[in-house]
Amino acid sequence: MQSIFQAQGLVTLLLGLAVLALCVYALVDAARRPAGAFAAAGKLTKNKWVAILAVASLVSFATAGGLGLIIIPLVAAGVYLADVRPALRSVGGGPGSRGVGSSGW
């Protein structure tokens, strides 16, 4: 019976670490984008997104061993990566963008 609890604990820890990695990735990506791209894409300002993702990273770090609050940072990083990041890329907002004037390389 104890091995089941150990396995559950390990899975929970791995999920928490995955969310932490996702939050840190989103935070670094947001920090590398130019501030003007956020306005051009019609999104919250760069400072607001960096603050949201920094708090999400801290919360996910603090709760890496438990799944109680982990949904909040997961949603924050998910919204950034699924909605904001593609909009920034479409307006030519920083690394990896293929906006107007980009050669595609």
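The values are calculated or read from the model by the stated rules, or taken from the named source; none is laboratory data. Predicted model, so just to flag it, every value in this text is computed and none were measured. So basically every Cβ, Gly included, is an ideal-geometry build from the backbone, and we count neighbours across all protein chains shown.
Pairing each residue of the range 12-34 that is more than 18 Å from Thr63 (Cβ to Cβ) and part of a helix (DSSP H, G or I) with any residue that is among the β-branched types (Val, Ile, Thr) and at pLDDT 95 or above, provided the two are 6+ apart or on different chains, yields C-beta distances under 6 Å for Ala30/Val50; Ala31/Val50. Counting only residues that are in contact (Cβ under 8 Å) with a residue 12 or more places away in the chain and either on the phi > 0 side of the Ramachandran plot or surrounded by 19 or more Cβ atoms within 10 Å (Cβ to Cβ) (or both), the range 76-91 holds 7 of them.
For the range 88-105, the set of residues classified as modelled with pLDDT of 65 or more and within 17 Å of Ala31 (Cβ to Cβ) consists of Leu88, Arg89, Gly93, Gly94, Pro95, listed by residue number.
Restricting attention to the range 40-75, the residues that are crowded, with 19+ Cβ neighbours inside 10 Å and of a type in the set (D, E, K, R) add up to 2. Does Leu44 count as under 21 Å from Arg89 (Cβ atoms), assigned to a loop (DSSP other than H, G, I, E, B) and modelled with pLDDT of 95 or more? When the stated conditions are applied, Leu44 passes them. Residue count for the range 21-39 satisfying the condition of being within 13 Å of the chain's Cα centre (by Cα) and surrounded by 15 or more Cβ atoms within 10 Å (Cβ to Cβ): 8. When the range 51-66 is limited to residues that are outside any helix (DSSP H, G or I) and touching a helix residue (DSSP H, G or I) at 6+ places or on another chain (Cβ under 6 Å), the one that is modelled with the lowest pLDDT turns out to be Gly65.
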